[in-house]
Amino acid sequence: VRFSGQRVWGIGNADIISTVEFNHTGELLATGDKGGRVVIFQREPEGKTEPFSQGEYNVYSTFQSHEPEFDYLKSLEIEEKINKIRWLPQQNAAHFLLSTNDKTIKLWKVSERDKRPEGYNLKDEEGRIKDISTVTSLQVPVLMPMDLMVEVSPRRVFANAHTYHVNSISVNSDCETYLSADDLRINLWHLGITDRSFNIVDIKPANMEDLTEVITAAEFHPFHCNLFVYSSSKGTLRLCDMREQALCDKHSKLFEEPEDPSARSFFSEIISSVSDVKFSHSGRYLLTRDYLTAKVWDLNMENKPLETYQVHDYLRSKLCSLYENDCIFDKFECAWNGSDSVIMTGAYNNFFRMFDRNTKRDVTLEASRESSKPRAVLKPRRVCAAGSKRRKDDISVDSLDFSKKILHTAWHPAENIIAIAATNNLYIFQDKLNSEMH
Amino acid sequence: MFPKGTKRKFSDSADDPAPEPATPLQRQSLLDMSLIKLQLCHMLVEPNLCRSVLIANTVRQIQEEMTQDGSWQLMTQALAAAQCPADRLVASELLCRQTDPAAAAGGPKPYALVGEAYQEEEEEEEDSEECASEGEEGEQVFGTFEIKHPPPGPDPALEELFSDVDASYYDLDTVLTGMQAAPKMGPYDLLESLSSHGRISSFHIIYYSMNTTEARTNP
């Protein structure tokens, strides 16, 4: 896979991007930020004269999704940061998305208005009531074209169901329900009902002193509406079947790789904590990310992953420093391409990595203004591990910038277009040569 | 594309080809760092539960290893010796009170810091039945640790003890109840006190509680 075309979107002074998500067709791309704002980009339709201008993303709509709140009972501020956005499959002309902060999930309707009625009998063009005596004949109002307006309105607010911080939301394939997960519980909602939700997973111990494990991510199966998976801070994955019982505390399958006793260190558990889990589009595999690796699991094999990819193994000898500066707790997300043949995840120094599952080749790319000129090909980067021979243009481990982390990435559902969030900048890279998935 | 070579255990030196077990000094340093992080957790507006749990588990792991080779006992004894008798009495009083009689554990442990912070959260959110039992426990915790405003009536002797209390007990408040209080002691002061072992600090109380717990459970 070679990314040759590119598009840089610098949001400048805006807040740090906290989530990125394509909709189901890839026509729209939503980003959420630390300030509670959502920006939606729309892909320009192809067919323009200049070949490279087709298919670029432009701002479609911007709105304030969440505001900071104050919980007076606990004297705590609830952050407005958008943790996740998930699109609903499109069912009519309007688009719907779910956005969530730490506590409250909201359903937003995004619709277009490009016509307005004109020729009212009782109102004039400015909307003022006409004097009836001036009306001599009746006319039928007609719809006239107007400048496109994108209207966003909140349709539902799902509040007060989470004691702990919401880390995931996932829309069910039935398009009627969705789940929301916090550190200790997972709730099932009906999209039309806001005053109650159904608790389907609860791992809170009776005595909080016994708490040793939290939920880190959760997702519904792409087409089996009864199945969902959740990951934990101990590196386990649990597949649950909602048909078996109402409270899915007992898993159907438990995916866990046995620990190598000779490799155990004080940091083993922390680096095994799963920061993201994603079903493949085929529904056959799971992709997980922990601190140093990305793993592909086969749903039919619970005792170990199918494939393990080293994202930045050169950090293994630096774990103590990374613990000290808290980087070891960074939660990186991961993504599949549309055909499930390539996986992608972020790293430090604005690097992100892609692994081709078939050819076993991998590449490190950088998302930065300096290295990205218009229409230039993204040059593969290399991190030189300490002790090995350093080539020209290599970056040494010690000069990596740990403040530049790519935590959020997304891949277009059908084409080789990727969205990379680098702090407060959004990069959209396209592979013009190979736009079809392989 | 599979892991090559052996994984390193706890070493910042990238030049060594073979894995090294953590030295006692490295282990102690990691313990100190972890406890500071836990204390800072509780000073934040809303601690990140995942991070707190992972750090607490790391502390527990270190404690287990140190208990196995006997160094934990040595450390707690050294710290206990540095305390004066009156304080020791207060410490065990405080901590015994706080323990829920129904709880299996003998007493609070460092990693219980995580639990306490979130115990109070649950009191408002859950339904009334649960609220009653947890509320009791919560009140017990707050009643005991409200040093500035002692609970009306229950124990005049304890109140008297607290009237002379060292400023560092306010830090105990912060640490063990997870309440957001103005820190009287920053993390670096804490580090100083940990290394000097001269001044009584909240962590000494925690270490002492470990000793007390073990004395009760391992006669």
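The values are calculated or read from the model by the stated rules, or taken from the named source; none is laboratory data. The shown structure was predicted, so the numbers you read here are calculated from the model rather than taken from an experiment. Cβ atoms come from the backbone with ideal geometry, glycine included; neighbour counts cover every protein chain shown.
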Quick check on the range A:375-384. Is at least one of its residues in contact (Cβ under 8 Å) with a residue 60 or more places away in the chain and β-branched (Val, Ile, Thr)? yes
Could you figure out which of (1) farther than 26 Å from residue A:308 by Cα; (2) in contact with a strand residue (DSSP E or B) (Cβ under 7 Å, 6 or more places away or on another chain); (3) within 11 Å of chain B (Cβ to nearest Cβ); (4) not in a loop (DSSP other than H, G, I, E, B) isn't true of residue A:161? (4)
Please state which of the following conditions residue A:166 fails to meet, knowing it meets all the rest: (1) assigned to a loop (DSSP other than H, G, I, E, B); (2) modelled with pLDDT of 95 or more; (3) surrounded by fewer than 20 Cβ atoms within 10 Å (Cβ to Cβ); (4) in contact with a Lys or Arg (Cβ under 9 Å, 6 or more places away or on another chain). (3)
Within 20 Å of residue A:294 (Cβ to Cβ), modelled with pLDDT of 95 or more and outside any strand (DSSP E or B), is that true of residue A:380? no
Residues of the range A:327-364 being within 15 Å of the chain's Cα centre (by Cα) and aliphatic (A, V, I, L, M), which ones? A:335, A:343, A:344
Give just the number: which of (1) charged (D, E, K, R); (2) touching a Lys or Arg at 6+ places or on another chain (Cβ under 9 Å); (3) outside any strand (DSSP E or B); (4) under 14 Å from residue A:172 (Cβ atoms) does residue A:257 not satisfy? (4)
Which numbered condition residue A:197 fails, given (1) within 14 Å of another protein chain (Cβ to nearest Cβ); (2) in contact (Cβ under 8 Å) with a residue 24 or more places away in the chain; (3) within 28 Å of residue A:332 (Cα to Cα); (4) of a type outside the set (D, E, K, R): (3)
Across the range A:285-325, the tally of residues that are assigned to a helix (DSSP H, G or I) and either at the interface with chain B (Cβ under 9 Å from one of its Cβ atoms) or modelled with pLDDT under 95 (or both) stands at 10
I'd like the residue in the range A:194-233 that is among the hydroxyl-bearing types (Ser, Thr, Tyr) and in contact with a Cys (Cβ under 8 Å, 6 or more places away or on another chain) and, out of all such residues, is farthest from residue A:157 (Cα to Cα). A:233
Where residues in the range B:5-51 are modelled with pLDDT under 85, among the hydrophobic types (A, V, I, L, M, F, W, C) and in a helix (DSSP H, G or I), which of them is surrounded by the fewest Cβ atoms within 10 Å (Cβ to Cβ)? B:40
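Consider residue A:155 carefully, then state whether it is modelled with pLDDT of 95 or more and assigned to a strand (DSSP E or B). Steps first, please.
On the way: modelled with pLDDT of 95 or more: yes; assigned to a strand (DSSP E or B): yes.
In short, yes.
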Kindly indicate whether residue A:96 is surrounded by 13 or more Cβ atoms within 10 Å (Cβ to Cβ), of a type outside the set (A, V, I, L, M), in contact with a Ser or Thr (Cβ under 6 Å, 6 or more places away or on another chain) and without any contact (Cβ under 8 Å) to a residue 60 or more places away in the chain. no
Please determine, by comparing only the residues of the range A:236-276 that are charged (D, E, K, R) and within 11 Å of another protein chain (Cβ to nearest Cβ), which one is surrounded by the most Cβ atoms within 10 Å (Cβ to Cβ). A:269
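Have a look at A:168, A:232 and point out the one that is over 29 Å from residue A:109 (Cβ atoms), within 14 Å of chain B (Cβ to nearest Cβ) and among the polar types (S, T, N, Q).
On the way: A:168 fails: over 29 Å from residue A:109 (Cβ atoms).
Just one listed residue meets the conditions, A:232.
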Working carefully through the options A:138, A:148, A:239, find the one that is modelled with pLDDT under 95 and assigned to a strand (DSSP E or B). A:148
